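Below you'll find the structure, written out as structure tokens, and then a few comments.
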Amino acid sequence: MGSTDSGQRRPLLEHSTTAHPHAQIIHFSNSLTIFLLLLFLIGCLHGDLVVVQEPSFVSGLKGQSVTLYCSYTSDGEDIFRSVVYWFIKEGEDPTVIHPAPPPRYQNRVKFSKYSGSVNTTFQIHPLQLKDTETYYCYISFLVGEQTFTKDGVGTRLFVHEPLVLTPPPNCSCDAPRQRYISCGTQVLDGNLVWIDWLRNGEVVRQENETRLVEPAGNGSERLESQLPLPVCCLGKNLNYTCMLNHISGGIIDKSKHTVVRESPGHPLLLYVLTLGKSAIILLLVLVCGLRKGSLFNQSKAH
């Protein structure tokens with residue numbers, strides 16, 4: 001019986017020895033599951049963070065400044081060591097302009113972040129026409145011991161020169177002729193903007209193409225519009241306003257209201273009437289003179 005028992009126990013010991021690798025596999029599988037679950041949970045927390053860039057479009061005048069805004073919200077785990085970056089997409093690779101600005105942005109950008117706040121600002125001054133770009137904010141942060149980055153949707157910046165409204169020259173001609181009022185500015189891309197007109201507060205519907213885009217020689221374009229003035233409305237004051245419109249931002253600039261007096265050419269009819277009146281008076285004087293002379297001669301003859 002003893003030998004039989006010992007003989008029966010050996011296979012049990014051998015079986016427990018061969019089962020040990022399976023236990024390791026099960027342990028490894030459980031550890032992997034827990035690790036993947038942690039990654040999943042961290043990923044969910046990471047997905048709760050949203051980078052906010054508002055507004056999505058801004059415009060600015062050359063030489064002035066513009067401020068871009070970036071913030072984030074998170075409903076999950078606390079965010080640690082958040083670092084904000086700003087970049088633009090030039091070609092295939094992004095160009096970081098904060099915290100290490102390239103040469104054309106050096107000494108022109110300023111980043112601000114208030115202590116304990118998720119709101120940040122990014123200022124560019126003075127603006128140049130070539131600053132017309134889409135600016136992206138992205139944040140690097142820690143969730144637990146994992147590092148993640150999250151991008152914003154971008155803010156489109158459009159830079160332009162001030163609108164210049166040029167009134168028509170004074171007309172000193174003998175007959176009414178077509179005159180024009182003009183308005184223009186300089187931009188980086190003239191295909192994104194156009195000029196509209198108001199006359200006495202009402203939109204002027206232009207029959208012909210008055211929008212001219214010409215290269216300015218420095219990579220920018222000169223945008224001009226000419227509006228023909230009516231030849232009627234003698235002596236009437238008309239208020240003209242030119243407006244710069246952007247395809248994404250609507251009206252981004254207006255000129256000041258300019259009062260233009262519609263002065264036609266010299267009044268020919270008035271000249272004719274004046275000369276005719278003078279001729280009639282002269283003729284009457286001559287007739288009267290001749291008549292008096294005739295009467296005088298007749299009286300002298302008697």
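The values are calculated or read from the model by the stated rules, or taken from the named source; none is laboratory data. What you are looking at is a predicted structure, and each value in this text was computed from that prediction instead of being measured. No Cβ is skipped: glycine too gets one built from the backbone with ideal geometry, and neighbour counts run over all protein chains shown.
Taking the criterion of being part of a helix (DSSP H, G or I) and surrounded by 14 or more Cβ atoms within 10 Å (Cβ to Cβ), the residues of the stretch 106-136 that qualify are LEU129, ASP131. Just to verify a result, which residue in the stretch 154-191, among those that are out of contact with any Leu (no Cβ under 9 Å at 6 or more places or on another chain) and modelled with pLDDT of 95 or more, is nearest to LEU227 (Cα to Cα)? Looking at residues that are out of contact with any Leu (no Cβ under 9 Å at 6 or more places or on another chain) and modelled with pLDDT of 95 or more, I get ARG156. Is it the case, given these coordinates, that THR67 is modelled with pLDDT of 90 or more and in contact with a strand residue (DSSP E or B) (Cβ under 6 Å, 6 or more places away or on another chain)? When the stated conditions are applied, THR67 passes them.
Within the stretch 137-152, the set of residues being touching a residue at least 60 places away in the same chain (Cβ under 8 Å) and not in a loop (DSSP other than H, G, I, E, B) comprises CYS137, TYR138, ILE139, PHE141, LEU142, VAL143, GLN146, PHE148, LYS150, ASP151.
Each residue in the stretch 208-238 was checked for being within 16 Å of LEU198 (Cβ to Cβ), modelled with pLDDT of 80 or more and exposed (fewer than 15 other Cβ atoms within 10 Å of the Cβ), and 1 pass.
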